[in-house]
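Heads up, the thing below is written out as structure tokens.
The values are calculated or read from the model by the stated rules, or taken from the named source; none is laboratory data. Given the structure is predicted, the values throughout are model-derived calculations rather than measurements. Reconstructed Cβ throughout: ideal geometry from the backbone, glycine too, with neighbour counts over all protein chains shown. Note: accessible area is taken over every heavy atom of the protein model, side chains too, but ligands, DNA and RNA are not part of it. Shrake-Rupley method; radii C 1.70, N 1.55, O 1.52, S 1.80 Å.
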Amino acid sequence: MNKQLKSFLVFCLKLVVTLVPAYFVYRNIVMAPDWSIDDLYRLFTGKSVLPLVIALLCLAASNFTACMQWKLLLEKQDVHLSYGHLLKLYHVGLFFNNFMPGNVGGDAKKIYDIRMQGGQDSVGAGFTATFFDRLFGLFFITLFALAMGALFFVHDEAQRAFMWPSIWIFVGFCGLFASLFSRRLGNFISSMMAKFLPEKISGRLIHMFSRFQKFRSLKLWICISCLSAVTQALRIFVHYFCGMAVGVDLSISWYFYYIPLVAIISALPISIGGFGPRELLAQSLFARAGVASLESVVIQLLAYFVSLVLSLFGAFVFLLDGGPKAKTEANDADGKDA
């Protein structure tokens, strides 16, 4: 199949997955009793500014800790770049994630930048670090949902059922990590791939498995666990303060219970920028906590707006920081680290 036609069909499929849930989100709002467009304007008052500023600061702080985690994963694979330089690349990746049709374009951009700064041998390192960084973040945010469920919602029949998706996601992540980091499972999967996949593809996958073995370090796991806990908690607090901005008075435990599921749906490259499925799921979940449809959707849109505003820093870096200059700075950093 022609690559352009394939890309067009994939885009059309994502468009459908975006628009169909968005329609149901819109219908749920406008079919509410006494709905009026004025309800949207009444959500925002002079007290909305401070919570949004705090949300912006929380997200900014989470990017610093997330970049530190990314740096540790790269260094474990012998890719040594300065933290300041990686922070720029990280924000450029955020910009591409938010402003490109897909929600993984920024990850591809980060891998490409690592390749340009670290040389040909760093391609696999950039992919492995970026892939595992995203996986571990989703895994850790799932732990938050399980912890909140066990502490506050396990005895509530209406809410207990929502623990099962988190449990199955957690089990899935555990199985995936076991296959990536267990030498026995890795060797078995590699031998199976060699039988059924073309030699070129299986060779790349086997090489990727060998890179994941470099993450078998207790010290590394303790460090990235601490960083992920801070990063994901701050990002959940972004939604909490966006809720405060529109007058939603809801305990933070609800956000730690529901937002992980919303985040996982948003991370799937099945829609345009995560729109549609994200808002529909948030609307359905938060309705069980007594939050109106309009407010639950606006919270998600505000959180996304905060992310857009912050990612504009990446746009400035991308436009103003020239490629040769950035490469020179990276090489200088390599020399210092050596």
Filter result for Ser271 (open to solvent by less than 20 Å² (accessible area, probe 1.4 Å), among the polar types (S, T, N, Q), within 29 Å of Ala32 (Cβ to Cβ) and not in a helix (DSSP H, G or I)): yes
Close pairs (9 angstrom Cβ cut-off, 6 or more residues apart or separate chains): open to solvent by 60 Å² or more (accessible area, probe 1.4 Å) and at pLDDT below 90 in the stretch 208-228, assigned to a loop (DSSP other than H, G, I, E, B) and not hydroxyl-bearing (Ser, Thr, Tyr) anywhere: Lys214/Lys76; Lys214/Gln77; Lys214/Asp78
Matching residues, the stretch 1-34, being free of Cβ contacts under 8 Å to residues at least 60 places away in the same chain and either closer than 25 Å to Gln232 by Cβ or part of a loop (DSSP other than H, G, I, E, B) (or both): Met1, Asn2, Met31, Pro33, Asp34
Residue check, Ala150 among the aliphatic types (A, V, I, L, M), under 23 Å from Ser253 (Cβ atoms), open to solvent by 30 Å² or more (accessible area, probe 1.4 Å) and assigned to a helix (DSSP H, G or I): yes
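Restricting to the stretch 154-169, name every residue that is in a helix (DSSP H, G or I), touching a residue at least 24 places away in the same chain (Cβ under 8 Å) and open to solvent by 10 Å² or more (accessible area, probe 1.4 Å).
Ala158, Pro165, Ile169
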Pair list, Cβ under 7 Å, 6 or more apart: the stretch 36-50 residue assigned to a loop (DSSP other than H, G, I, E, B), other residue modelled with pLDDT of 80 or more and among the charged types (D, E, K, R): Leu43/Glu295
Unique match (being farther than 28 Å from Ser210 by Cβ and more than 23 Å from the chain's Cα centre (by Cα)) among Leu40, Leu56: Leu40
Residue count, the stretch 291-318 (criterion: more than 19 Å from Val49 (Cα to Cα), of a type in the set (Gly, Ala, Ser) and touching a Lys or Arg at 6+ places or on another chain (Cβ under 9 Å)): 1
First in the stretch 247-273 and closer than 12 Å to Arg235 by Cβ and free of Cβ contacts under 8 Å to residues at least 60 places away in the same chain, second anywhere and surrounded by 23 or more Cβ atoms within 10 Å (Cβ to Cβ) and of a type in the set (Lys, Arg), Cβ under 7 Å, 6 or more apart: Val262/Arg278
Single unsatisfied condition, Asp249 versus (1) farther than 28 Å from Gln77 by Cβ; (2) assigned to a helix (DSSP H, G or I); (3) of a type outside the set (A, V, I, L, M): (2)
Phe256 open to solvent by less than 60 Å² (accessible area, probe 1.4 Å) and under 27 Å from Ala158 (Cα atoms): yes
Exclusive hit being among the aliphatic types (A, V, I, L, M), over 29 Å from Ala245 (Cα atoms) and buried (at least 19 other Cβ atoms within 10 Å of the Cβ), set Leu59, Leu52, Leu94, Leu74: Leu74
Members of the stretch 274-311 found to be touching a helix residue (DSSP H, G or I) at 6+ places or on another chain (Cβ under 7 Å) and either polar (S, T, N, Q) or surrounded by fewer than 18 Cβ atoms within 10 Å (Cβ to Cβ) (or both), listed by number: Gln283, Ala287, Arg288, Ala289, Ser293, Ser296, Gln300, Ser307, Leu308, Val309, Ser311
All positions within the stretch 274-304 that are part of a loop (DSSP other than H, G, I, E, B) and acidic (Asp, Glu): none
In the stretch 132-163, residue farthest from Thr231 (Cα to Cα) [restricted to those that are among the aromatic types (Phe, Trp, Tyr) and at pLDDT 90 or above]: Phe132
For Ser266: the one exception among (1) under 25 Å from Asp156 (Cα atoms); (2) open to solvent by 10 Å² or more (accessible area, probe 1.4 Å): (1)
